[in-house]
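The values are calculated or read from the model by the stated rules, or taken from the named source; none is laboratory data. Not measured: the values here are computed from a predicted model. Every residue, glycine as well, gets a Cβ built from its backbone with ideal geometry; the counts of neighbours run over all protein chains shown.
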């Protein structure tokens with residue numbers, strides 16, 4: 001069986017931020033300098049600066065949430081970027097996982113190791129547009145009067161990364177319309193962005209109960225269950241999502257993941273194929289699930305071909321190193337399963 005890969009002193013920090021700003025302007029073709037960069041301060045002596053870019057190597061033009069975890073997977077803190085960067089001070093030496101997300105973009109998980117207390121560790125993270133991004137305005141027309149205004153403003157604030165303002169407006173809208181499915185969805189989505197999974201689950205469950213055909217609420221709830229590794233609940237929710245919209249590529253992909261983690265390889269493969277067929281992109285993570293399912297079914301040559309197809313389309317994603325390791329493991333286990341699908345040389 002294939003083992004599951006895991007697919008994330010003040011003066012020194014000031015100097016590091018200044019240097020990072022200059023480097024960022026050069027890489028991004030003269031982007032805005034990093035002013036008012038948010039800083040988290042811990043009790044150690046090391047630091048890290050995380051800068052967020054688009055695939056075109058320009059600074060991300062909207063705020064992103066950067067979450068930092070230590071080697072034991074314990075969350076340290078999260079910051080919202082300003083000028084596409086966030087800085088963490090007072091860190092201990094060692095390995096960290098970094099998760100970066102922004103509205104309208106696919107989240108990125110990466111790792112970095114802090115080796116020195118004298119120079120800030122520089123981390124560059126690339127976010128790719130999400131072809132299945134949430135439409136925050138969808139459903140707002142169902143709210144009466146003031147509630148509609150509050151929700152539209154909250155949607156705009158969410159897209160701009162103004163989390164506190166969005167929370168305030170959504171709380172007001174909820175008081176006016178506590179049984180509105182879209183308000184509950186947005187509150188759940190906002191809580192999910194902040195990793196407040198308990199509140200997110202409460203609001204999203206209510207949203208899907210109020211409107212069983214709300215595709216976005218079902219997708220987000222399914223994603224939440226996957227995050228919590230509640231694969232049975234994820235399967236039930238995502239089955240509902242694909243029944244409501246058979247063209248829902250994101251739901252098919254997540255459902256494939258849920259099946260895979262329950263060792264239902266046949267259904268995992270079927271859903272991954274549907275996700276790839278219906279996706280606006282090149283299949284994304286569904287290619288990885290497909291490859292793992294094929295390998296677990298003993299179809300090693302097809303598994304390698306699928307995983308190399310993923311690398312051809314996305315050679316620099318955070319998942320790429322783990323995919324390469326998975327290919328090597330399959331080839332070591334079955335040397336005859338060599339594939340004709342070539343992976344482009346790494347730069």
Task: Those residues of segment 236-245 which are touching a helix residue (DSSP H, G or I) at 6+ places or on another chain (Cβ under 8 Å) and either assigned by TED's automatic domain parsing to the domain that holds residue 181 or surrounded by fewer than 23 Cβ atoms within 10 Å (Cβ to Cβ) (or both), in sequence order - done: 239, 240, 244, 245
Open item on the list: Go through segment 303-314 and report how many residues are assigned to a loop (DSSP other than H, G, I, E, B) and over 17 Å from the mean Cα position of the chain (by Cα).
Closed with: 0
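What is the residue count in segment 285-319 for residues that are surrounded by fewer than 16 Cβ atoms within 10 Å (Cβ to Cβ) and closer than 27 Å to residue 99 by Cα?
If we filter segment 285-319 for residues that are surrounded by fewer than 16 Cβ atoms within 10 Å (Cβ to Cβ), which is where we start, we get 297-298, 312-313, 315-316.
Next cut, closer than 27 Å to residue 99 by Cα only: 312-313, 315-316.
Result for segment 285-319: 4.
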Task: Of all residues in segment 56-75 being part of a strand (DSSP E or B) and more than 24 Å from residue 189 (Cβ to Cβ), the one that is modelled with the lowest pLDDT - done: 70
Open item on the list: Looking at 117, 177, 89, 141, can you tell me which residue is touching a strand residue (DSSP E or B) at 6+ places or on another chain (Cβ under 6 Å), farther than 16 Å from residue 66 by Cβ, modelled with pLDDT under 90 and not assigned by TED's automatic domain parsing to the domain that holds residue 320?
Closed with: 117
Task: Number of the exception - residue 53 against (1) modelled with pLDDT under 90; (2) touching a strand residue (DSSP E or B) at 6+ places or on another chain (Cβ under 6 Å) - done: (1)
Open item on the list: Considering only segment 322-336, I want to know if a residue exists there that is within 18 Å of the chain's Cα centre (by Cα) and either assigned to a helix (DSSP H, G or I) or at pLDDT 90 or above (or both).
Closed with: yes
Open item on the list: Need a quick list: helices (runs of 4 or more DSSP H) entirely within segment 193-302 having at least 1 residues that are over 21 Å from the mean Cα position of the chain (by Cα).
Closed with: 197-210, 231-244, 265-278, 285-296
- [ ] Identify all residues within segment 203-214 that are surrounded by 16 or more Cβ atoms within 10 Å (Cβ to Cβ) and touching a helix residue (DSSP H, G or I) at 6+ places or on another chain (Cβ under 6 Å); write none if there are none.
- [x] 203, 204, 206, 207, 208, 210, 211, 214
